[in-house]
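Worksheet for the structure shown next.
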Amino acid sequence: MLTGKVAVITGSGQGIGKTCAETFLNNGAKVCLSDVVVDRLQATYEEFKLQYGAENVHQIPCDVTDKTQVEDLFKGTVDTFGAIDIVFNNAGVGIHEDWESVIQINQIGVIRCTYLALEYMKKSSKGPGGIIINMASFAGLCSSPLDPIYASSKFGVVGFTLSHALHADVVDSGVRMVALCPTFVDTTMIDDDNMKYFIEKIGVIKKEKLAEVVLEMVKDETNNGKCMVVTAQFHYYKDDFPKVEDVFLSTKQS
Ligand SMILES: NC(=O)C1=CN([C@@H]2O[C@H](COP(=O)(O)OP(=O)(O)OC[C@H]3O[C@@H](n4cnc5c(N)ncnc54)[C@H](O)[C@@H]3O)[C@@H](O)[C@H]2O)C=CC1
Ligand SMILES: CCCCCC(=O)CC\C=C/C=C/C=C/[C@@H](O)[C@@H](O)CCCC(=O)O
């Protein structure tokens, strides 16, 4: 159970973010919903307020590319619920004609939200500690012909999260940093003819199943710096990334 915990989820007006919000609420957390599309956010807020009670759900519109709005999101959540224990940096876009905005939203947005959330969560600032989950994708781990900019933004999220987890600002902060890399999930993001070939080969993850994995990540207190891969059949922490120690210079001659 997540009783007493407070979660913020970016891009939670629909899709994976909305389903994860519902799973957190079902497990006793209080949730601050957030999205750049205000009417979508409002509709989800009204739905959850009826179901879970106004004392458990809050909404703050936020475009993750706007520093002031992100600051207002985290400050507003603390003002409402008293603290932040869980941040799911989920907001993102798929294939998009404006490639620079894909990097701005998917990669820079995640970095910005992580830095600002940490200020409210780290124990040295009297925060409770907790977990920041950064949404990447399986397309952030493999070479994929789907869309090089999308893939690049997601590789960036994996690299940032796994590296930041080891940074001095994080290791003693009480906050875990974890990356999430699902294959295709049943949202409107995958309504694209170019993806059909891959979807037939790889399958599709149900949002509810992915949300259960996210819940498992929140409950695991030993996962700082890990990268969760989720497929239609299984999920696991990927542990075969090269480590810097692998290339430490040895005194032995080869
Ligand atoms: N659906 C899939 O197959 C997969 C999705 N992902 C990632 O999961 C995340 C969620 O995607 P879905 O739920 O599938 O898509 P979705 O399109 O249903 O939901 C994304 C949400 O993010 C919001 N958003 C977009 N730009 C934003 C911004 N600048 N600021 C705040 N919110 C913004 C949208 O309004 C939307 O409500 C994305 O980061 C996506 O890249 C990762 C792997 C697979
Ligand atoms: C571009 C927008 C995509 C949005 C949704 C995702 O993030 C889903 C990405 C998931 C998986 C991508 C996998 C790509 C794999 C291919 O490069 C290839 O490795 C698969 C080969 C399959 C085969 O031929 O057997």
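Any read-out appearing in this document is the output of simple, stated calculations on the displayed coordinates, not a laboratory observation. Just so it is clear, the structure is predicted and the values come from calculations on it, not from any experiment. Please note: Cβ atoms are built from the backbone with ideal geometry, for glycine as well, and neighbour counts cover all protein chains shown.
Tally the DSSP beta bridges in the chain and give the antiparallel ones as a percent, rounded to 5. Don't skip to the answer; put the middle values down first.
Numbers: 3 of 28 bridges.
Once the DSSP bridges in the chain are tallied, antiparallel ones form about 10 percent.
Skipping prolines and chain starts, which residues have an amide H placed within reach, meaning under 5 Å, of the one on L33, given they are 5 or more residues away or on another chain?
H58, Q59, I60
Could you tell me which of A83, N56, A21 has its Cα farthest along the dipole of the chain towards the positive end, charges placed at Cβ (Lys, Arg +1; Asp, Glu -1), taken about the Cα centre?
The Cα lying farthest towards the positive end belongs to A83.
Which of T222, T44 has the fewest other C-beta atoms within 10 Å, and how do the rest follow up to the most? Intermediate results must be reported in sequence, preceding the final value.
Values: T222 6, T44 21.
The order, fewest Cβ neighbours first, is T222, T44.
Mind checking which of Y236, Y150, Y197 has the largest fluctuation in a GNM of the chain, springs on alpha carbons under 10 Å?
Y197
How big is the equivalent ellipsoid of the chain along its three axes, where each semi-axis is √(5λ) from the Cα gyration tensor, reported in whole Å from largest to smallest?
One finds semi-axes of 28, 24, 17 Å for the chain.
If you average the C-alpha positions of region 186-254 and of region 118-145 separately, how far apart do those two centres end up, in angstrom?
14
If I model a spin label at I199 and S143 as a point 7 Å from the Cα along the Cα→Cβ vector, what separation in nanometres do I get?
2.6
What lysines could a cross-link reach from K49, if we take a straight Cα to Cα line under 16 Å and drop same-chain neighbours fewer than 8 places away?
Cα-Cα hits under 16 Å: K18, K30.
Which ³J(HN,Hα) values in Hz, rounded to whole numbers, follow from the phi angles of region 182-198 under the Karplus curve 6.51 cos²θ - 1.76 cosθ + 1.60, where θ = phi - 60° and Gly and Pro get x?
Values per residue, Gly and Pro as x: x, 7, 5, 10, 6, 10, 5, 4, 9, 6, 8, 4, 5, 8, 4, 4, 6 Hz.
Highest GNM mean-square fluctuation, the chain, Cα pairs closer than 10 Å: which of K201, K75, K126?
K201
So what is the relative contact order of the chain, in percent, for Cα pairs below 8 Å that sit 6 or more residues apart? Walk me through the intermediate numbers first.
Details: 490 pairs, mean separation 40.6, N = 254.
Computed over the chain, the figure is 16 percent.
Would you please give the residues with an amide H less than 5 Å from that of K5, counting only those at least 5 places away or on a separate chain, with H modeled from the backbone geometry?
Here K30 satisfy the definition.
Mean-square fluctuation check for the chain, GNM, Cα pairs under 10 Å: which of K219, K122, K196 is largest?
For the chain, modelled as a Gaussian network with Cα springs under 10 Å, the answer is K196.
Note the full-extension length gain between S124 and E55 as 0.36 nm times their separation in residues minus their Cα-Cα distance, in nm to one decimal.
Residue separation times 0.36 nm, minus the Cα-Cα distance, leaves 22.0 nm.
With a cut-off of 8 Å between alpha carbons and a minimum separation of six or more residues, what is the relative contact order of region 94-240 in percent?
23
Label V247 and D172 with points 7 Å out from Cα along Cα→Cβ: what is the distance between them in nm?
2.9
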